[in-house]
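Everything below concerns the one structure shown next.
The values are calculated or read from the model by the stated rules, or taken from the named source; none is laboratory data. It should be emphasised that the depicted structure is a prediction, and the values quoted were computed from it without experimental measurement. Here the Cβ positions follow ideal geometry from the backbone for every residue, glycine too, while neighbour counts run over all protein chains shown.
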Amino acid sequence: MRKACWLLVGIFCVAFVSVQASAQETLWEEHMAAATKAYQQGRYAEAEKSWQSAVKKAEVGFGPEDQRVFLSLSRLVDLYHVQGRFTEAVPLAKRSLVIVEKIMGSEHPLVATRLNNLALLYTAQGKYAEAEPLYKRSVRILEKALGPEHRRVAKALQNLAILYNALGKYIEAEPLFKRSLPIWEGRWGQDIPRWPRT
């Protein structure tokens with residue numbers, strides 16, 4: 001009889017925790033959806049508040065290194081980037097990078113994406129010395145994970161080349177541009193999307 005009581009208590013606890021986790025997941029999803037909708041409608045202050053709430057809900061409900069914290073932080077970083085709020089974005093971008101490396105491993109393409117995004121934030125601030133190793137690592141990870149002819153590799157090569165170009169390192173920039181061009185041509189043919197000339 002005693003074992004049956006403990007078994008029932010155990011089942012109740014598991015069910016209670018499961019319901020609680022489901023409720024937390026739903027709350028987090030609601031904040032993420034509200035933020036995304038506000039962002040798409042150009043209501044950035046509302047989107048920021050909702051993504052900040054999503055970060056807090058994920059931290060409390062799932063732990064500070066959960067994938068939902070990473071996703072919430074990443075969206076907040078993207079918002080700050082669009083708004084030119086680079087100083088606010090950088091620490092969040094660093095934190096999201098640490099989380100995704102722990103979740104996915106240091107050689108995952110998603111890590112490369114977050115490295116590239118952090119490098120873009122540094123580049124926008126003129127912090128080229130901080131950006132360069134991040135771009136290089138991003139290229140290395142993407143080449144290894146996706147192959148040297150992947151479009152994401154081409155984009156990472158271009159970002160590094162643009163950095164070198166901004167630094168006046170044309171000798172370093174040129175081969176990177178030349179490497180990325182055939183990848184884009186392979187994807188788009190000769191009709192590569194280009195910026196209009198002024």
For the stretch 107-128, indicate whether the set of residues that are over 30 Å from residue 143 (Cβ atoms), modelled with pLDDT of 95 or more and hydroxyl-bearing (Ser, Thr, Tyr) is non-empty.
no
Cβ pairs under 6 Å, 6+ apart or interchain, first in the stretch 63-89 and over 16 Å from residue 114 (Cβ atoms), second among the hydroxyl-bearing types (Ser, Thr, Tyr), ordered by first then second residue, are 88/80
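Does the stretch 99-112 contain any residue that is among the hydroxyl-bearing types (Ser, Thr, Tyr) and in a helix (DSSP H, G or I)?
no
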Matching residues in the stretch 155-178 (part of a helix (DSSP H, G or I) and under 13 Å from residue 135 (Cβ atoms)) number 15
Going through the stretch 42-75 in order, the residues found to be crowded, with 16+ Cβ neighbours inside 10 Å and among the small types (Gly, Ala, Ser) are 47, 50, 53, 54, 58, 61, 72, 74
The one condition residue 148 fails out of (1) outside any helix (DSSP H, G or I); (2) crowded, with 22+ Cβ neighbours inside 10 Å is (2)
Contact list, first residue from the stretch 120-134 and of a type in the set (Phe, Trp, Tyr), second anywhere and surrounded by fewer than 19 Cβ atoms within 10 Å (Cβ to Cβ), beta-carbon distance below 6 Å, six or more apart or interchain, is 122/130; 128/167
